[in-house]
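K.L.:
One structure, as structure tokens, below. Some questions next.
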Amino acid sequence: MENTRRNFIKKVAAGSSALAIGGIGYGFSAESYSRIMGANDRIVMGIMGTNGRGKGMAANFAIQKNTEVRYICDVEEKALQKGIQAVENAVGKTPKSETDIRKMLERKDIDAVFLAPPDHWHTPAAIMSCVAGKHVYVEKPLSHNPAEGEMAIKAARKYNRVVQMGAQRRSWKLLTEGMNLLKEGVIGKPYMVKTWYTNNRGSIGTGKVVPVPANLDYELWQGPAPRRPYKDNLIHYNWHWFWNWGTGEALNNGTHEIDLARWGLGVDFPTRVNSVGGRYHYNDDWEIFDTQLITFECEGASVVWEGRSCNGTKVEGLDRGVIFYGDKGSMLTGHDGYTIYDMDEQIVKEVKSDVVIDGRNTSSPAADLDNVHIDNFLQSVRGKATLNADVEEGHKSTTWVQLGNIAQRVGRGLTTKPETGHIIGDEEAGKLWSREYEPGWEPKF
Ligand SMILES: NC(=O)c1ccc[n+]([C@@H]2O[C@H](COP(=O)([O-])OP(=O)(O)OC[C@H]3O[C@@H](n4cnc5c(N)ncnc54)[C@H](O)[C@@H]3O)[C@@H](O)[C@H]2O)c1
């Protein structure tokens, strides 16, 4: 049987000898693949990374009309099985399994991929997918660093692929309605936006270097990232809090709310970025910040992101959210819906969704709302819609928060170009615009 443990190990071994070089360029022609999609608009999907987010999304993709999840790819056996099981449960059909994304991308019958591996893999996998002629739905944050985001845009355009970032709020109906009202001036001119994320996350402890478990291909899990010893408190999920693979709470969750701030204000990049914060709550291996306040200046407005990973005290009654302040009133939003207040704090209009949203759920705040973004992607692949969160918008929002992390790391404010987000006159900060890759794994396209 395809999915047994023995076969998993066998396939990993075969995969690593056949694909010892981590290079990315396969030279597929995007056009030759776009012809493969059937006349009936059927879309065949491959899914990468199915422990948490990818498991639920695999099932969500599988239930879409005229869509088949034919491949699940994961480098850890239990996670692979979770993805397969999720699709089986959703539609009663067993997808094929794969452990090496490069092998999966060789499959000519795949039209599009959904990518939900750890952050260090996002852009490299998105680029590999474009080169292989696949359309891409890549989870947020688009990239591990801003230079990668720029590469992802170039690759999407070069290979003419539909590339969507998992900023699913961009497809939520009531939120979109609220954003349109903002643009129509419902609160006058919005000039300050406060965004936040709160949680009560526990300690990740102090990890020990131990042998890599037999059910994990740690070499492929690390992929583009420089090699580090395997520790027992890293996989799954905790990689979020280490710079080599993760991007911290600011990118993990702040990307969503900063995306809304940018959307509501209609701005591309900030002109100044500052940050305060630290790892305060626990003394453990967690490298990034558990508490952070990033401030942004952009043309005509200020934006703030407050992140508290280990103190879940809500703001405005919400575990995460966004409030726009204008010269005629305010709008509170973030979940699918919005509340408009006048200058005397009286509610002018309140629109609420029936969908239950859990802002702290680490896989999906609301699966039903994920489906709307998935549908937008699939319809865009079919040429029947345009993306709500195109790679370029994803890059802008991701870069904002990355700049916040860079400011925090160098310990001073940054001046940035409003057209590109590029850092002006700070060599040390500029070095954090990109990253080093494990030799042989540099993104190529
Ligand atoms: N849009 C959203 O609301 C949302 C919600 C949750 C998570 N996410 C994003 O989804 C991503 C995954 O998050 P998670 O919580 O599921 O993490 P996780 O660590 O639980 O799962 C990641 C999975 O990727 C697999 N993986 C690693 N390298 C791989 C490779 N080379 N090929 C195939 N699989 C590989 C891991 O084995 C694991 O199963 C993150 O980037 C996160 O930011 C987005």
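K.L.:
Gain in length, Glu438 to Lys103, computed as 0.36 nm per residue apart minus the alpha-carbon separation, to one decimal in nm? Could you put the intermediate results ahead of the total?
P.N.:
Details: separation 335, 0.36 × 335 = 120.60 nm, distance 1.95 nm.
Additional length available on full extension: 118.6 nm.
K.L.:
Mind sorting Arg227, Arg382 by how few other Cβ atoms lie within 10 Å of their own Cβ, fewest first? Don't skip to the end; give the middle numbers.
P.N.:
Working: Arg227 11, Arg382 16.
Arranged by neighbour count, lowest to highest, Arg227, Arg382 become Arg227, Arg382.
K.L.:
Summing -39500 (n - 2.57) over the DSSP H runs of n ≥ 4 in the chain and dividing by its residue number, what mean residue ellipticity at 222 nm do you reach, to the nearest 500 deg cm²/dmol? Kindly include the intermediate steps, with their values, before the conclusion.
P.N.:
Values: 13 runs with 139 residues, N = 445.
Per the formula, -9500 deg cm²/dmol.
K.L.:
Students often get this wrong, so check it: of Lys65/Lys103; Lys134/Lys158; Lys154/Lys444, which have C-alpha atoms separated by over 19 Å?
P.N.:
Pairs exceeding the cut-off: Lys65/Lys103.
K.L.:
Could you work out how far helix 77-91 tilts from the main Cα principal axis of the chain, as a 0 to 90 degree angle to the nearest 10?
P.N.:
Taking Cα atoms only, the helix is inclined about 80 degrees.
K.L.:
To test your reading of the geometry: what angle, between 0 and 90 degrees and rounded to tens, separates the Cα axis of helix 122-131 from the longest principal axis of the chain?
P.N.:
Its long axis makes an angle of about 60 degrees.
K.L.:
If I model a spin label as a point 7 Å beyond the Cα along the Cα-Cβ vector, how far apart are those points for Ser363 and Lys173 in nm?
P.N.:
Result: 2.6 nm between the two label points.
K.L.:
From the backbone phi of the stretch 367-383, what are the Karplus-calculated ³J(HN,Hα) couplings (6.51 cos²θ - 1.76 cosθ + 1.60, θ = phi - 60°) in whole Hz, Gly and Pro given as x?
P.N.:
4, 4, 6, 4, 4, 5, 6, 4, 4, 4, 5, 4, 5, 5, 4, 6, x
K.L.:
In addition: Using 7 Å Cα-to-Cβ label points, what is the Asn66/Thr313 separation (nm, one decimal)?
P.N.:
5.2
K.L.:
When only alpha-carbon atoms count, how far does the stretch 265-355 stretch along each of its three principal axes, as whole angstroms with the largest first?
P.N.:
47, 34, 24
K.L.:
Compare Ser397, Ser203, Ser171 in a GNM of the chain, Cα atoms joined below 10 Å, and give the one with the largest fluctuation.
P.N.:
Top of the fluctuation ranking is Ser203.
K.L.:
Which order results if Leu216, Leu105 are arranged by neighbouring Cβ count within 10 Å, fewest first? Present the calculation step by step, with values, prior to reporting the outcome.
P.N.:
Details: Leu216 19, Leu105 26.
If I rank by nearby Cβ atoms, fewest first, I get Leu216, Leu105.
K.L.:
If you take the charge dipole of the chain about its Cα centre, with +1 on Lys and Arg Cβ and -1 on Asp and Glu Cβ, which of Cys298, Pro213, Thr123 is farthest toward its positive end?
P.N.:
Of the options given, the answer is Pro213.
K.L.:
Taking the chain as the reference, fit the longest principal axis to its C-alpha atoms, fit the long axis of helix 5-18 to the helix C-alpha atoms, and give the angle between the two in degrees, 0 to 90, nearest 10.
P.N.:
Helix 5-18 sits at roughly 90 degrees to that axis.
K.L.:
Mark the label point 7 Å from the Cα of Glu219 along Cα→Cβ and return the residues of the stretch 426-445 whose backbone N is within less than 18 Å of it.
P.N.:
Residues passing the 18 Å test: 438-442.
K.L.:
Then there's this: When the chain is modelled as a GNM with alpha-carbon springs shorter than 10 Å, which of Asn253, Asn215, Asn274 fluctuates the most?
P.N.:
Comparing Asn253, Asn215, Asn274 in the GNM, the peak value goes to Asn215.
K.L.:
Give me, ordered by chain and number, the residues 5 or more places off Ile43 or on other chains with an amide H under 5 Å from its own placed amide H.
P.N.:
Amide H to amide H, under 5 Å and 5 or more residues apart or across chains, Ile43 pairs with Thr67, Glu68.
K.L.:
On to the next question. Beyond 32 Å, what percent of the Cα pairs of the chain remain? Each step should come with its number before you reach the end.
P.N.:
On the way: 35165 of 98790 pairs.
When every Cα pair of the chain is considered, 36 percent fall beyond 32 Å.
K.L.:
Can you flag which of Lys140/Lys173; Lys194/Lys314; Lys140/Lys328 are past 24 Å Cα-Cα?
P.N.:
On the way: Lys140/Lys173 20 Å; Lys194/Lys314 13 Å; Lys140/Lys328 33 Å.
Beyond 24 Å: Lys140/Lys328.
K.L.:
What do you get for chymotrypsin sites (Phe, Trp or Tyr not before Pro) in the stretch 250-343 restricted to DSSP loop and a cutoff of at most 16 other Cβ within 10 Å of the site's Cβ?
P.N.:
Details: sites: Trp263, Tyr280, Tyr282, Trp286, Phe289, Phe296, Trp305, Phe324, Tyr325, Tyr338, Tyr341; in loops: Tyr280, Tyr282, Trp286, Phe289.
Qualifying residues, ordered by number: Tyr280, Tyr282.
K.L.:
Taking a spot 7 Å from the Cα of Phe445 along the direction of its beta carbon, which residues of the stretch 154-192 have an amide N less than 18 Å from it?
P.N.:
Taking a point 7 Å out along Cα→Cβ of Phe445, the residues of the stretch 154-192 whose backbone N falls under 18 Å are 154-167.
K.L.:
Could you tell me which trypsin sites (Lys or Arg not before Pro) in the stretch 46-75 are loop residues by DSSP with no more than 12 other beta carbons within 10 angstrom of their beta carbon? All intermediate terms of the calculation are to be shown ahead of the outcome.
P.N.:
Numbers: sites: Arg53, Lys55, Lys65, Arg70; in loops: Lys65.
Here the sparse-neighbourhood loop sites are Lys65.
K.L.:
Just to be sure I understand the model, the point goes 7 Å from the Cα along the line to the Cβ. What's the resulting Lys78 to Lys417 distance in nm?
P.N.:
Using points 7 Å along Cα→Cβ, the separation is 4.7 nm.
K.L.:
Report ³J(HN,Hα) in whole Hz for each residue of the stretch 58-68, in order, from the Karplus equation J = 6.51 cos²θ - 1.76 cosθ + 1.60 where θ = phi - 60°; Gly and Pro get x.
P.N.:
4, 5, 5, 5, 4, 8, 6, 4, 6, 9, 10
K.L.:
Okay, moving on. Which GluC sites (Glu not before Pro) does the stretch 291-333 hold that lie in a coil by DSSP with at most 15 other beta carbons within 10 Å?
P.N.:
Numbers: sites: Glu297, Glu299, Glu306, Glu316; in loops: Glu299, Glu316.
Those satisfying the criteria are Glu299, Glu316.
K.L.:
In a Gaussian network model over the chain where Cα atoms closer than 10 Å are linked, find which of Val401, Val138, Val304 has the largest mean-square fluctuation.
P.N.:
Sorting by GNM fluctuation, first place goes to Val304.
Each value in this text was obtained by applying a stated rule to the coordinates, not by laboratory testing. Keep in mind that what you see is a predicted model, and the values were worked out from it rather than measured. Using ideal geometry, Cβ is built from the backbone for each residue, glycine included, and neighbour counts are taken over all protein chains shown.
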